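What follows is a set of notes on a single structure, which appears directly below.
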Amino acid sequence: MGDDLSILETLAFAIVAVVLFVRLRSVLGKRTGNERPRNFQPFQPSGPATQSRQPGEVVSLPPRPGLFRPETGSIDPAAQPLGTGIERIKSVDPQFDEEAFLGGARVAFEMIVDSYARGDVATLKPLLAPPVYENFAGAIGNRETAGEQLETRIEAVRKVELIEASLNGRTALVTVKFTTEQINVTRDRDGHVLDGAPDEPHEVIDIWVFGRDTRSNDPNWQLVATRTPS
C-alpha cells in the first residue's frame, strides 16, 4: 500500500511539472514589453533549508547586465559520484525521482531567466535561496538605475542533465547542467541596443545547484548556487 502511494505521488509530481512547463512555454515565445507578473512558481520555499546559507559560494551575476551568465562558484567540493549521491538522497527521501526533478528544474530555469530579464523580483524571491536572491535583486536594481532594459529569449533548450548529487546533513543538493540557445540584448531607456544582437542566438551553458530540506514534506526546491563549466 505504501509503495503504491509513493508511486502515485511521484506520478502526480511529474504531471504537475509537465503542466507547468507547457504553461511557461506558452508565454515565453513572444514579448510585447507589457507582460503581467505571473504567480506561477514551480519551486517554492521548502522549510529550514531556505532560511540559511547553503555550503559553497552563491551566484555572482556579471557586472554588465547584457548576458545572463553567472560567474565562477563552487559547492560541496567533496562531490560524490552521481549515482551515489542520488542513492543517498533517496535513502532519506524515497520519493525523489530524477525525471520528475529534471522536469521541474527546467521549468524553474526558464522562469528564473525570464523573471530576471523582466526585473520581476516578486516572482524570483520564492525560487531562490536568500543569498542568491540578494545578488539577483542587486543586479536588477543596478540595471534599473542605469535605465537599461534586458531582453532574454530562450530559443531552444538543447539539453538538461543531472551532473552531481549529494546530501549535506539532511539537505539534498542536485546540480543540473542546462545547454540552451539564447538571445540576450541590453537596450537603453530609448530602446537603442547597447549590447547583444536581437537576431543572433548563442549557446549558453549554465550549471545550477538546487537544494531542498528533505525533512520537509514539500517537494519543492530552490536555486542555491550556480557556476560556470570547468
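The values are calculated or read from the model by the stated rules, or taken from the named source; none is laboratory data. These figures come from a predicted structure and were not determined experimentally. Counting neighbours? That spans all protein chains shown, and the Cβs are built from the backbone with ideal geometry, glycine included.
Miscellaneous remarks
- Selection within the range 96-135 - more than 18 Å from THR226 (Cβ to Cβ) and either without any contact (Cβ under 8 Å) to a residue 40 or more places away in the chain or touching a Gly at 6+ places or on another chain (Cβ under 7 Å) (or both): GLY119
- Index of the failed condition, GLU71 passing every other in (1) of a type outside the set (Phe, Trp, Tyr); (2) surrounded by fewer than 21 Cβ atoms within 10 Å (Cβ to Cβ); (3) touching a Leu at 6+ places or on another chain (Cβ under 8 Å); (4) at pLDDT 90 or above: (4)
- Test: residue in the range 99-118 that is buried (at least 16 other Cβ atoms within 10 Å of the Cβ), in contact with a Lys or Arg (Cβ under 9 Å, 6 or more places away or on another chain), outside any helix (DSSP H, G or I) and not β-branched (Val, Ile, Thr): no
- Taking the criterion of being within 15 Å of THR175 (Cα to Cα) and touching a residue at least 40 places away in the same chain (Cβ under 8 Å), the residues of the range 85-95 that qualify are GLY85, ILE86, ARG88, ILE89.
- Test for GLY141: is it under 27 Å from GLY104 (Cα atoms) and surrounded by fewer than 13 Cβ atoms within 10 Å (Cβ to Cβ): no
- Residue in the range 166-183 that is buried (at least 16 other Cβ atoms within 10 Å of the Cβ) and over 30 Å from THR84 (Cα atoms) present: yes
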